[in-house]
Amino acid sequence: MPVISLTVNGNPVTADVEPRWLLSRLLRDHLGLTGTHVGCDTSQCGACVIHVDGKPVKSCAMLAAQADGAQITTIEGLAQKGKLHPMQEAFRDNHALQCGFCTPGMVMMSVALATEQPDLDEPAVRKGLEGNLCRCTGYQNIINAVMVGAKAMRG
Amino acid sequence: MYEFEYHQPKSLEEATKLFADADDPQFMAGGQTIIPVMKQRLAMPSDIIDLGKISDLQGISVDGGALTIGAMTHHNEVAGSDEVRKAIPALAELASHIGDPAVRNRGTIGGSIANNDPAADYPAALVALGATVQTTSREIAAEDFFTAMFETALDEGEMIVNVTFPAPEKAAYEKFPNPASRYATTGVFVAKTGESVRVAVTGAGACVFRQIDFEKALLGDFSPSALDGLTVSTDGLNSDLHASAEYRANLISVLAKRAVKHAG
């Protein structure tokens, strides 16, 4: 079994993984970081989006072994010293979730969009969230939240 | 997923040897198709040979009028590359609409064309632009590369190293995406280079193909109206729950006109 070393939410991790383990499985079952949700398991819903070396990827479409040496951030790594990330605050303030299942992936993708596109506008938010499915809210409040969160991130 | 051995070679030579020594090996590029396929237990390779750490497969370069993209270049890198945007903006635009942002951060041009999904975007660009696929053993013209549904001219153990695109005078890609997958229900890439016009269609048939009658009409008059009155045969076009063959035939006309207009 490959032994991999990586950084997860700032903490060094060494793990003995089976080649067939998905990164989502390492995070959830081995490291107990169950904030990363597995919604569809067919790589379409985006609930499992995390950041690998700063970029959003679907952790159910990447092998754990491929994360050797990577810097990983999950939804648990966003809040700092008990204070929610501005994007998390925006989701809460704008009622951008109902059941909450898609929310970790939505927030992780939205943080990446706002980081990569400082001038993020609404069409770009809609395009950027194409790979994140919500089956409750109808998206409008999510879009509203991302616009507010992106503005807060710009300071 | 069935069990397999995982390898992460650092060179093409090492990858070639690993492939030769394994029972039923599978190369993996970005993994955005093979991992879901393995999860569904539709494939059970004995060995996965991950090409992600081979530096020879990385990078984008421009030499004269030609753009070369390494096989392991991610879609987001192509979409965001100043070199691509300058040389062939239509190609950057195409890459920016593949899948979704998370898929584009992992998926690669080499993986996409080696898989030759009939609804993938890149095959249309390669055929319309007259690209050349450099493999570990030879150069293959794009038209000879895509042979049938999910099939290419690649031999066992042969790897794509890079793809070279001659820069066209004008080009554009238009697609009608499946709203769930963003794969092309139908996509049309139009390219004009000197005295040649090529129209390549993806998503409509079993494999990318050229719409020769459109090319002839556009050669004399590169404008959307040049395609007025031309109808597309439904022979060989896909008919499925997403669209009938008739619908796809109409999309080919509509998207080709939009692409010509967009190309300017």
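Points to keep in mind about this one:
- Members of the stretch B:23-37 that are out of contact with any Leu (no Cβ under 8 Å at 6 or more places or on another chain), closer than 22 Å to A:LEU22 by Cα and away from every other protein chain (no Cβ under 13 Å): B:ASP24
- Hits in the stretch B:237-257 - residues which are under 20 Å from the mean Cα position of the chain (by Cα) and open to solvent by 20 Å² or more (accessible area, probe 1.4 Å): B:LEU237, B:ASN238
- Scanning the stretch A:114-155 for residues that are crowded, with 22+ Cβ neighbours inside 10 Å, of a type in the set (A, V, I, L, M, F, W, C) and in a helix (DSSP H, G or I) yields a total of 6.
- Of the strands (runs of 3 or more DSSP E) contained entirely in the stretch A:1-92, those carrying at least 1 residues that are over 16 Å from the mean Cα position of the chain (by Cα) and over 21 Å from A:ALA112 (Cα atoms) fall at A:3-8, A:11-16.
- Residue in the stretch A:97-110 that is part of a helix (DSSP H, G or I) and surrounded by fewer than 18 Cβ atoms within 10 Å (Cβ to Cβ) present: no
- For the residues A:ASP53, A:ASP93, the requirement of being surrounded by fewer than 24 Cβ atoms within 10 Å (Cβ to Cβ), within 16 Å of B:ASN105 (Cα to Cα) and either in the same structural domain as A:VAL17 (by TED's automatic domain parsing) or touching a residue at least 24 places away in the same chain (Cβ under 8 Å) (or both) singles out A:ASP53.
- Only residues that are open to solvent by 70 Å² or more (accessible area, probe 1.4 Å), closer than 20 Å to B:VAL37 by Cβ and more than 10 Å from every other protein chain (Cβ to nearest Cβ) were counted in the stretch A:26-48, giving 0.
- Within the stretch B:192-208, residues that are assigned to a strand (DSSP E or B) reach partners that are modelled with pLDDT of 95 or more and of a type in the set (Val, Ile, Thr) with beta carbons closer than 6 Å, at six or more positions or on different chains, in the pairs B:VAL199/B:VAL190; B:ALA200/B:VAL127; B:ALA200/B:VAL208; B:VAL201/B:VAL188; B:VAL201/B:ILE252; B:THR202/B:VAL208.
Yes/no matrix, rows are residues, columns are (1) free of Cβ contacts under 8 Å to residues at least 24 places away in the same chain; (2) closer than 15 Å to A:GLY46 by Cβ; (3) out of contact with any helix residue (DSSP H, G or I) (no Cβ under 8 Å at 6 or more places or on another chain):
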residue: A:PRO86; (1), (2), (3): no, no, no
residue: A:GLY100; (1), (2), (3): yes, yes, yes
residue: A:MET108; (1), (2), (3): no, yes, no
residue: A:PRO123; (1), (2), (3): yes, no, yes
residue: A:LYS127; (1), (2), (3): yes, yes, yes
residue: A:GLN140; (1), (2), (3): yes, no, yes
residue: A:LYS151; (1), (2), (3): yes, no, yes
residue: A:GLY155; (1), (2), (3): yes, no, yes
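The values are calculated or read from the model by the stated rules, or taken from the named source; none is laboratory data. Because the structure is a prediction, the values reported are computed rather than measured. Here Cβ is always computed from backbone atoms with ideal geometry, including for glycine, and neighbour counts include all displayed protein chains. Just the protein is used for accessible areas: all its heavy atoms, side chains included, with ligands, DNA and RNA removed. Shrake-Rupley method; radii C 1.70, N 1.55, O 1.52, S 1.80 Å.
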